[in-house]
Amino acid sequence: MPVGTFRVCLVVLTAIVNHPLIFPRENGTVPENTEEIIQKMKEREETLRLEQLRLEQEIAEQEAIQKALEKSAEVVKESKEEKVRWDMWTALSMVIFLLIELWRQDFQEGIWQDTGGEEDDMAVLGKAFKGVAFPDKAVLASFYEKRILGTTGDMARMREMVEGFADDLLEALRSVCNRDADMEVEDCMGVGSMYENWRVRKPFVCDLIVPFAPPEPYCFRSQTWCSGDSFPPAEQGYGTIKVCRADEDVTGCICDKTKLGEDMLCLLHSQANITRPSSEMEDLLCFKNTQYLDADQVMKWFQIAVTKAWNRISHKYEFDLSFSLLDSPGALKIKFRSGKSIAFNLTPVVQYENSDVYFISHFPRSSLAADLPSSTHWFLSFAVYERRFIQLVSKTLPANACHVSCLQILSFLHGKQCSLTGPSGLTNYHLKTVMLHLLQACPSQDWAPEKLEARLQDMLKFLEKCLHEKKLYHFFIGNGKVPAELGFPIIFQGAEPLNLFRPFVLHRDVYRKTVDTFHEMLRNMTALINEYTVHIPLAQTNGIHKES
C-alpha cells in the first residue's frame with residue numbers, strides 16, 4: 001500500500017513540474033535560434049570542408065614532392081652503383097691488360113724460342129691460306145729441278161772468278177797504301193746467299209767483306225748497344241768504334257779529365273803518348289773533332305784506294321772495273337768487252353773484339369729500314385756465324401735435306417711477286433731468318449727431301465704469324481740456344497731479343513704494302529710454279545741459266 005501511494009504522488013509531482021503554465025520556458029524563441037545555429041553550422045561545415053580540401057591538396061603536393069625526392073635519390077643511388085660497377089670493371093680490365101702485357105713481354109724475351117708449342121702454333125695459323133691451292137709434292141719437285149737446281153753450277157763458277165780477282169785487287173791495294181799511316185787491309189771473306197748456296201734470282205751478286213785495322217800504335221775499341229750503356233731503340237743493333245792508342249787505358253786516366261798544372265806530369269802517360277791533334281785523327285778516318293770512326297770517311301778512303309789499286313793492275317785484265325751504285329759505295333761491276341757484266345760488293349768491316357761479328361760500314365737496305373743514327377754508328381753483321389750455323393746443322397740433317405730448297409722457292413716466289421706489284425718491306429734476310437728459326441725448332445728428320453711441301457708451308461705460316469704480330473726476332477741476338485760449337489759471343493746471347501720487324505710499327509704504309517704483297521704471293525703461288533714448270537722446257541731453262 002505505501003509503495004503504491006508513493007508511485008501516485010511521484011506521477012502527480014512530475015506532471016505539475018512539466019506543465020508549461022506553472023514553469024514557463026526561458027527559450028521561448030527556440031525556433032528562431034535553431035535556424036541561426038543551423039546556418040552557422042552549415043557555414044562551419046563549409047569552412048571545414050574547404051580546409052579539408054586545402055589540407056588534402058597540401059598533403060598530395062607533399063606526397064608528390066616526397067615521391068620526386070625518393071625517385072631522384074634512387075636515380076642518384078643507381079648512378080653511384082653503376083659508377084662503382086663501371087670503376088670496378090675498368091680497374092679489372094686494366095689489371096687483366098697489364099697481366100697480358102707482362103705475359104707477352106715474358107713470352108717475347110724468354111719463351112719466343114721455346115720449341116715445345118711450335119706445332120700448336122702452326123695449327124691455329126694459316127688464315128691467309130684459306131682458298132689457296134698449294135702445289136703438291138710432284139709439282140714442287142719438278143719446279144725445283146727445272147727452275148732452281150741448275151743455278152748452283154753458275155754460282156760456283158762466279159764465286160771462284162770473283163774471289164780470285166778480289167784477292168788480286170786487295171793485294172794491289174796494300175801496295176799503294178802507306179803502311180805507316182793508312183789502314184791495314186786483311187783478306188776478304190764471302191758471306192750471304194751466294195756462299196750459302198740459296199740465291200736463285202739474277203743478277204748474281206757476291207758479297208765480300210774486307211776487315212781492316214788502324215796503323216800502329218793505334219787500335220779499335222768498340223762499344224755495342226748491349227755493352228751496358230743505354231741506347232735508344234733506334235740504335236739497337238748498332239755500335240760505335242773508338243780509335244785509341246794501343247797503350248791507352250780503356251777506362252781513361254785522371255790526367256785526361258783533370259788539369260794537373262804546368263809543373264806536374266802523369267807518371268803513366270808521357271809527352272810521347274799524347275793523342276794526335278784533331279787533323280791527324282781525321283787522317284785516321286774519324287768524325288770531325290772526335291775519336292770515333294766515321295763510316296763515310298772509311299768508304300771514301302776505300303773507294304780511292306780501290307781506284308788506285310785497279311789502275312795498277314788493270315793492264316792484266318781484259319775488262320773494265322767501275323763503281324756501279326751511288327747509294328752502295330762498295331758495289332763494283334766488272335764489264336767485259338762482250339757486253340756481259342758481273343756485279344759484286346766489296347765492303348770494309350771492323351772486327352768486334354776477337355769474334356767473327358763485324359761492324360759493317362754500309363749495309364744493303366730496303367725501304368723498310370731507317371737511316372743510320374749517324375755516320376759513327378756501325379751496323380753489326382752476324383753473317384759469318386749464320387753461314388757456320390747452316391753448315392753445322394746440315395751435318396745432322398738427312399741426305400738432300402729440303403731446308404735450302406724451301407728458302408730458294410720462297411725467295412723466288414717473293415722476288416717474282418715484287419717484280420709484279422712493286423717492292424715490299426720483306427727482304428731475303430727476313431726469309432733466311434725464318435728458315436734459321438725453323439731449323440732450330442724442327443727435328444732433323446722433318447727436313448727429309450720428301451717433306452719439302454710440309455716444310456714450305458711451315459715457313460709460310462711462320463712468316464704469316466710474324467707479319468701479323470709485327471715481330472720477327474734476330475736469330476742470334478738473345479738466343480740462349482745457339483750451339484756452343486759456334487763460339488758465339490755470350491754478350492749477344494744474353495742481350496734482349498732484337499725485333500727485325502720493329503720498323504713496321506713506325507711505317508704503317510710499308511707494313512700494309514708488305515702484307516698485301518705476301519697475300520698476293522700466296523694467291524699467285526700455284527700459277528707461278530706451274531708457269532715455270534709446265535711451260536718452260538728443261539733445255540730452255542738450262543739455256544736461261546747460262547745467260548749472264
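The values are calculated or read from the model by the stated rules, or taken from the named source; none is laboratory data. All of these numbers come straight from a predicted model, not from anything done at the bench. Note that we place each Cβ from the backbone using ideal geometry, even for glycine, and neighbour counts take in every protein chain shown. Areas reflect the complete protein model, heavy atoms only, side chains present, ligands, DNA and RNA absent. Shrake-Rupley method; radii C 1.70, N 1.55, O 1.52, S 1.80 Å.
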task = Would you point out the residue of region 447-463, among those that are among the acidic types (Asp, Glu) and either farther than 12 Å from PRO398 by Cβ or modelled with pLDDT of 95 or more (or both), that is surrounded by the most Cβ atoms within 10 Å (Cβ to Cβ)?
result = ASP458
remark   = Conditions (1) on the phi > 0 side of the Ramachandran plot; (2) surrounded by 17 or more Cβ atoms within 10 Å (Cβ to Cβ) -> PHE501 fails only (1)
task = Could you list all residues from region 413-428 that are touching a residue at least 12 places away in the same chain (Cβ under 8 Å) and either aliphatic (A, V, I, L, M) or surrounded by fewer than 21 Cβ atoms within 10 Å (Cβ to Cβ) (or both)?
result = LEU413, GLY415, LYS416, CYS418, LEU420, THR421, GLY422, PRO423, LEU426, THR427, ASN428
key: Cβ-Cβ under 8 Å pairs, at least 6 apart or on other chains, region 169-181 side under 10 Å from TRP310 (Cα atoms), far side open to solvent by 50 Å² or more (accessible area, probe 1.4 Å) and in a loop (DSSP other than H, G, I, E, B)   = LEU170/ASP187
request  = Would you check if GLY494 is farther than 28 Å from SER424 by Cα and either open to solvent by 40 Å² or more (accessible area, probe 1.4 Å) or at pLDDT 95 or above (or both)?
outcome  = yes
task = Would you mind telling me which numbered condition in (1) part of a loop (DSSP other than H, G, I, E, B); (2) under 34 Å from the mean Cα position of the chain (by Cα); (3) at pLDDT 90 or above; (4) not aliphatic (A, V, I, L, M) THR347 fails?
result = (1)
query = Looking at (1) outside any loop (DSSP other than H, G, I, E, B); (2) open to solvent by 40 Å² or more (accessible area, probe 1.4 Å); (3) of a type outside the set (Val, Ile, Thr), which is the only condition LYS481 fails?
reply = (1)
task = Can you tell me which residue within region 290-333, out of those that are at pLDDT 85 or above and part of a loop (DSSP other than H, G, I, E, B), is surrounded by the fewest Cβ atoms within 10 Å (Cβ to Cβ)?
result = GLU318
ask   = Which pairs have Cβ atoms under 6 Å, sit 6 or more apart or on different chains, and link a residue in region 431-454 that is touching a residue at least 60 places away in the same chain (Cβ under 8 Å) to one that is crowded, with 19+ Cβ neighbours inside 10 Å and assigned to a helix (DSSP H, G or I)?
value = LEU452/LEU140; LEU452/SER405; GLU453/LEU140
